[in-house]
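A single structure is presented below for examination.
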Amino acid sequence: MERDTGGKPVLIFPGGMPRSLDYLRKCRSEGVAAIGASSLDYDVASTQYPNWIQLPYVNHPEFDAALAKAIRELGVGGIYSPNPVVWNHLHAVLDTLAPGVRLVNDSPIDDALAGFRAARARARELLDHPLPVTVDRPGKPAVDEVELAAMFRHAEVIPGMCDREKSCALHEIARHCVAGDLVEIGSWWGKSAFLLARLARLYDIGNLLCVDPWSNEHLVQDDATGIVDSGSAMVDAGEALAVFEMNLLPYSANHVNYLRLPSTDGATYYRSRRCVTTPRFGSVAYEGRIALLHIDGNHAQAAVNADVAAWSGLVARGGWIVLDDYMWPFGDGPRRAGDAFLAERGSEVETAFTMGGALFIRMA
């Protein structure tokens with residue numbers, strides 16, 4: 001928890017660490033005066049600070065006195081340190097050296113591990129209380145806590161809109177999924193694609209194919225108020241594809257690839273060919289039989305209807321269709337498409353439920 005310095009400058013030490021420079025940028029954006037410090041004879045980061053001082057190394061006998069002198073002379077109100085050794089020492093001595101001056105950040109170790117600890121807690125909770133999915137046969141045994149926590153943790157650092165409830169539901173349906181291809185319509189930065197790719201490996205389902213035009217033209221959804229479309233106009237689809245590749249490449253075991261095509265064109269390709277090749281991911285073979293179809297493309301009703309019509313007939317018996325944003329505050333295209341599908345093909349559906357705003361359908 002960052003603490004107020006009462007309008008006084010904050011000392012950032014060591015000033016050259018990446019997180020120190022991130023904090024310096026935050027200080028600038030908020031109008032907080034910052035002073036950098038280092039124990040190096042020359043620190044290349046010194047030029048980025050408006051004020052800079054040198055301090056002895058934290059284990060040097062003169063460090064405490066030098067720090068106290070700097071705090072007095074510079075009017076320092078707080079200290080930021082991402083270095084665990086420095087932070088621990090300052091936490092122990094600051095009350096004596098400079099009463100009233102506090103560390104503005106919490107323990108760097110606790111901060112670094114917070115995301116991992118939260119992921120393990122989520123994994124334990126899900127494993128202790130699995131989501132009840134009504135299907136005709138038991139699912140595969142769940143993977144262990146660390147495997148599941150690893151998936152949750154790495155998903156957290158990928159930008160995107162796949163919330164935690166939905167990711168838990170994706171995990172559960174993956175355990176109850178037949179073998180076959182996983183197909184995602186609309187991948188953008190790759191958050192849900194990462195989850196699908198990881199689940200495909202954890203539960204030995206099949207290969208993942210992502211279909212997305214990564215085109216600003218195809219982002220237009222004609223939402224009622226225009227809020228979504230105005231925000232979409234500010235993003236770069238080409239950059240989004242590069243971010244997708246950066247997010248998925250480290251986790252691909254030759255089981256992930258993509259088609260940069262509109263959904264219906266992608267379906268035509270998928271129906272006629274069994275291999276997809278791209279420069280980044282190489283060549284990946286597909287079965288032509290979908291075990292899990294995740295539809296999260298353009299949310300205009302006509303577009304969602306077209307996605308469902310183009311792809312749902314390829315889903316295997318016992319396979320899943322996930323219609324994202326079935327409950328969407330900006331329009332009702334996904335809900336109308338989902339309701340129409342259930343009305344028309346309800347006799348082919350084994351179970352259906354909503355979670356995390358998505359509609360989950362298992363074909364009988």
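The values are calculated or read from the model by the stated rules, or taken from the named source; none is laboratory data. Since the model is a prediction, treat every value here as computed from it, not as a measurement. Cβ atoms come from the backbone with ideal geometry, glycine included; neighbour counts cover every protein chain shown. Surface accessibility is based on the protein's heavy atoms, side chains included, excluding ligands, DNA and RNA. Shrake-Rupley method; radii C 1.70, N 1.55, O 1.52, S 1.80 Å.
Yes/no matrix, rows are residues, columns are (1) without any contact (Cβ under 8 Å) to a residue 12 or more places away in the chain; (2) in a loop (DSSP other than H, G, I, E, B); (3) buried (at least 21 other Cβ atoms within 10 Å of the Cβ); (4) not basic (Lys, Arg):
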{"residue": "Leu148", "(1), (2), (3), (4)": "no, no, yes, yes"}
{"residue": "Met151", "(1), (2), (3), (4)": "no, no, yes, yes"}
{"residue": "His154", "(1), (2), (3), (4)": "no, no, no, yes"}
{"residue": "Pro159", "(1), (2), (3), (4)": "no, yes, no, yes"}
{"residue": "Ile173", "(1), (2), (3), (4)": "no, no, yes, yes"}
{"residue": "Val178", "(1), (2), (3), (4)": "no, yes, no, yes"}
{"residue": "Glu184", "(1), (2), (3), (4)": "no, no, yes, yes"}
{"residue": "Leu195", "(1), (2), (3), (4)": "no, no, yes, yes"}
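To continue, here is another question. Let me spell it out: the conditions are (1) more than 15 Å from Asp181 (Cβ to Cβ); (2) touching a residue at least 40 places away in the same chain (Cβ under 8 Å); (3) open to solvent by less than 30 Å² (accessible area, probe 1.4 Å), and Thr278 meets all of them except one. Which number is the exception?
Unmet condition: (2).
Just one of (1) assigned to a loop (DSSP other than H, G, I, E, B); (2) within 18 Å of Ile205 (Cα to Cα) trips up Trp189, so point out which.
Only one criterion in (1) assigned to a loop (DSSP other than H, G, I, E, B); (2) within 18 Å of Ile205 (Cα to Cα) is unmet by Trp189, namely (2).
Looking at Ala302, is it surrounded by fewer than 20 Cβ atoms within 10 Å (Cβ to Cβ) and either under 25 Å from Leu219 (Cβ atoms) or in contact with a Gly (Cβ under 9 Å, 6 or more places away or on another chain) (or both)?
yes
Each row is one residue, and each column tells you yes or no for (1) among the acidic types (Asp, Glu); (2) out of contact with any Phe, Trp or Tyr (no Cβ under 9 Å at 6 or more places or on another chain); (3) within 23 Å of Pro213 (Cα to Cα).
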| residue | (1), (2), (3) |
| --- | --- |
| Gly313 | no, yes, yes |
| Leu323 | no, no, yes |
| Arg336 | no, yes, no |
| Glu344 | yes, yes, no |
| Val349 | no, no, no |
| Met355 | no, yes, no |
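If you don't mind, there's one more thing I want to ask. Quick one: count up the residues across segment 130-146 that are of a type in the set (A, V, I, L, M, F, W, C) and part of a helix (DSSP H, G or I).
1
Are any residues in segment 81-122 open to solvent by less than 20 Å² (accessible area, probe 1.4 Å), touching a Lys or Arg at 6+ places or on another chain (Cβ under 9 Å) and of a type outside the set (Val, Ile, Thr), and if so, which ones?
Pro82, Leu94, Ala98, Leu103, Asn105, Pro108, Ala119
Something else now. State whether the residues of segment 137-145 include one that is open to solvent by less than 20 Å² (accessible area, probe 1.4 Å) and closer than 24 Å to Ile361 by Cβ.
no
Of the residues in segment 52-72, how many are in contact with a strand residue (DSSP E or B) (Cβ under 9 Å, 6 or more places away or on another chain) and of a type in the set (Asp, Glu)?
0
Name the residue, out of Gly288, Gly282, Gly356, that is modelled with pLDDT under 95 and on the phi > 0 side of the Ramachandran plot.
Answer to the selection: Gly356.
Follow-up question, since we're still on this one. Just checking, which of Ser29, Ser39 is of a type in the set (S, T, N, Q) and more than 19 Å from Pro84 (Cβ to Cβ)?
Of the residues listed, the single one that is of a type in the set (S, T, N, Q) and more than 19 Å from Pro84 (Cβ to Cβ) is Ser29.
Name the residue that is farthest from the chain's Cα centre (by Cα), counting only residues in segment 37-56 that are surrounded by 13 or more Cβ atoms within 10 Å (Cβ to Cβ) and aromatic (Phe, Trp, Tyr).
Among them, the one singled out is Trp52.
Can you tell which of Pro18, Pro61 is at pLDDT 95 or above and closer than 16 Å to Leu90 by Cα?
Pro61
For segment 232-252, which residues satisfy the criterion of being outside any helix (DSSP H, G or I) and either polar (S, T, N, Q) or modelled with pLDDT of 95 or more (or both)? Please lay out each step first, then the result.
As a first pass, look at segment 232-252 and keep what is outside any helix (DSSP H, G or I): 233-236, 252.
Selection gives Ser252 alone.
Output the number of the condition that Cys168 fails; it satisfies all remaining conditions of (1) of a type outside the set (Phe, Trp, Tyr); (2) open to solvent by less than 30 Å² (accessible area, probe 1.4 Å); (3) within 12 Å of Leu292 (Cα to Cα).
So Cys168 meets the others, but not (3).
While we're on this one: Which of the residues belonging to segment 125-161 are of a type outside the set (Val, Ile, Thr), under 28 Å from Trp328 (Cβ atoms) and in contact with an Asp or Glu (Cβ under 7 Å, 6 or more places away or on another chain)?
Hits for segment 125-161 are Pro130, Leu131.
Kindly state which strands (runs of 3 or more DSSP E) lie completely within segment 255-364 and contain at least 3 residues that are touching a strand residue (DSSP E or B) at 6+ places or on another chain (Cβ under 8 Å) and under 25 Å from Met161 (Cα atoms).
Of the strands (runs of 3 or more DSSP E) lying wholly inside segment 255-364, those with at least 3 residues that are touching a strand residue (DSSP E or B) at 6+ places or on another chain (Cβ under 8 Å) and under 25 Å from Met161 (Cα atoms) span 256-259, 290-295, 315-323, 349-355, 358-363.
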